[in-house]
Structure formats: structure tokens, C-alpha cells
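See below for the structure under consideration.
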Amino acid sequence: MIFERTEYHQMLSKFLYDVPDKEIIDYFGALDTFLAEMYDCTDQFYEFVENYEYQRFDDVWTDRKGGYEVEWDLIEELSKDE
């Protein structure tokens, strides 16, 4: 018999960027302009940050807290001859 377990989790992902102030100022003209673009989530902001690497941190908090739903499904039954 083949069966599967499906868990439905919620996850928090954080992306940490370390961009030199000079590169931000060269692109946006001022740090305040960058911050305004960042908080407004503008296309210009996204075009800028997509050129930089980041560290990603994932927290599957439902896995830690046990607050997720589980579902079991039958994939294939064994034949009666087995």
C-alpha cells in the first residue's frame, strides 16, 4: 500500500541585504529617497535590490509550534494477492 502525508505549514522568510550606503546614494541620490522607495515597494526599489545577494532565513513556525494541519491520502492499495 502506498499512502502519503501532507502537512500544511506557514513559514516566515527573511532576506538580509548588506548594501553599501555609497551604492544606494549613487543610485537613488539620497538615503531618504531610498527609504521612501523601499517603504512604498516601488519598481525602482525592486530593480535595485535584485542586483544584490542576500542571506535567507526561513522559519517554518508551524513546525516548531505544532500548529499545522495534516492530511493522509491513499495512493495505491495492495492487491489481495500480496
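Bear in mind these aren't lab numbers, they're just calculated from the coordinates by the rules spelled out. This structure is a prediction, so every number in the text was calculated from the model and none was measured. Heads up, the Cβs are rebuilt from the backbone with ideal geometry, glycines too, and the neighbour counts pull from every protein chain shown.
Quick one: Debye curve from the C-alpha atoms of the chain, no solvent, what's log10 I(q)/I(0) at q = 0.11, 0.14, 0.19, 0.25 Å⁻¹?
-0.56, -0.69, -0.88, -1.15
Taking only C-alpha pairs under 8 Å that are 6+ residues apart, what is the relative contact order of the chain in percent? Let's see the in-between values first.
Working: 86 pairs, mean separation 49.1, N = 82.
Worked out over the chain, it gives 60 percent.
Once both axes come from the Cα atoms, what is the angle between helix 31-40 and the longest principal axis of the chain, in degrees from 0 to 90, rounded to 10?
Helix 31-40 sits roughly 30 degrees off the main axis of the chain.
For a paramagnetic label modelled at 7 Å from the Cα of ASP73 toward its Cβ, which residues of the stretch 1-36 fall within the zone defined by backbone nitrogen distances under 16 Å?
Output list for this probe position: 2-9.
Mind putting a number on the dipole of the stretch 2-70 about its Cα centre? Charges go on the C-beta only, +1 for Lys and Arg and -1 for Asp and Glu, and I need it in Debye to the nearest 20.
440
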